[in-house]
Amino acid sequence: MLASKPIGQPTLGVAMIGLLLGVSCFTLALCSGCKEPLPEKVTGSVTYKGKPVFPAKVMLKPASGNGLSANLTNDGQFTVHGIEPGKTYDVAIEGIKLKGIANAKPSKTGSGSEQPKRREDKVPEKFQQANIAFPKKYASFDTSGLTIDCSNGLPNSPVVLELN
């Protein structure tokens, strides 16, 4: 004959799971205040000869740790998340190619002559004239000469990176 339990009483296994979940939640809540502060962000702009650099991305590399990057907006602005105060970051600016800009492909016309076919209509007009060429030395951490100093905390105002 099997022993029966009254309906509504939890088994020992269910009670242990409930106890473990309760202890885990309490421990998690207690230790959540013990973590290091979350990394911060730096904002700024990149210009070349007074014009916003776009399309490009800004890349930051600390002496130790992981590098960070962010795409520049069409007005040369950027926000890089994950900055750790107390570090100095070497900076490089790398141009990127927007899909659809100047992807010239020859197409046959009715007269038999070759004419380039541009896909600029696929890219918003405000981006079509934004391709600012700047010296390639800025694409390397070793040759750019650019840094963002966060050794004494985050900058109080947006960083301005003027390429020349």
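The values are calculated or read from the model by the stated rules, or taken from the named source; none is laboratory data. Note that this is a predicted model, so its numbers are computed, not measured. Cβ atoms come from the backbone with ideal geometry, glycine included; neighbour counts cover every protein chain shown.
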Log entry, pairs with first residue in the stretch 133-146 being surrounded by 13 or more Cβ atoms within 10 Å (Cβ to Cβ), second being among the aromatic types (Phe, Trp, Tyr), beta carbons closer than 8 Å, six or more apart or on different chains, reads 134/48; 144/138; 146/138
Within the stretch 89-105, of all residues that are at pLDDT 90 or above and in contact with a helix residue (DSSP H, G or I) (Cβ under 8 Å, 6 or more places away or on another chain), the one farthest from residue 154 (Cα to Cα) is 95
* Test residue 66 against the criterion of being out of contact with any Cys (no Cβ under 6 Å at 6 or more places or on another chain), within 28 Å of residue 131 (Cβ to Cβ) and modelled with pLDDT under 95, and give yes or no. => no
**Request:** For residue 45, indicate whether it is loosely packed, with under 14 Cβ neighbours inside 10 Å, modelled with pLDDT of 65 or more and of a type in the set (Ser, Thr, Tyr).
**Result:** no
For the stretch 62-83, the count of residues that are within 13 Å of the chain's Cα centre (by Cα) and in a strand (DSSP E or B) equals 11
Here is a check on your reading of the model: is residue 38 assigned to a loop (DSSP other than H, G, I, E, B), modelled with pLDDT under 95, out of contact with any Cys (no Cβ under 6 Å at 6 or more places or on another chain) and surrounded by fewer than 11 Cβ atoms within 10 Å (Cβ to Cβ)? yes
